[in-house]
Amino acid sequence: MLIKERKQEITSQFRIKEGDTGSADVQVALLSERIRQLTEHLKVNPHDYSSRRSLFKLIGRRRRFLAYIGRVDVERYQSLISVLKLRK
């Protein structure tokens, strides 16, 4: 789980306007952080299949958010994936 301070830090970094806590950009950033945490957990615990399933679900949700952002605003999409280092 994300620590409250880390979550607030991510939210303040990726929000579009003041008071924004649920935009697609913020959601992608929060999901990316959680995916990184689960990936590290699975490196230590490779047989934790329930966490692996949760990881796949989070990846799918992030992919759908990114597809939405790509349809709505391509420039915002490009900047988001470059900041989060999601593509090569």
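No lab work stands behind these numbers, since they all come straight from the coordinates. Model, not experiment: these values are computed from the prediction. Please note: Cβ atoms are built from the backbone with ideal geometry, for glycine as well, and neighbour counts cover all protein chains shown.
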What number, in percent, do you get for the relative contact order of the chain if the mean sequence gap of Cα pairs under 8 Å and at least 6 apart is divided by its residue count?
25
In deg cm²/dmol, rounded to 500, what helix-only [θ] at 222 nm does the chain give when every DSSP H run of at least 4 residues adds -39500 (n - 2.57) and the total is split over its residues?
-25500 deg cm²/dmol
Proximal lysines relative to Lys43, as straight alpha-carbon distance under 28 Å, when same-chain residues fewer than 8 apart are discounted:
Lys4, Lys7, Lys57, Lys85, Lys88
Determine which residues of the stretch 66-83 fall in the zone a paramagnetic label at Gln13 would reach in this model, i.e. backbone nitrogen under 16 Å from the point 7 Å along Cα→Cβ.
79-83
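Order of 20-27, 66-73 by packing, highest average Cβ count within 10 Å first?
Numbers: 20-27: 17.0, 66-73: 14.5.
With the highest mean Cβ count within 10 Å placed first, the list reads 20-27, 66-73.
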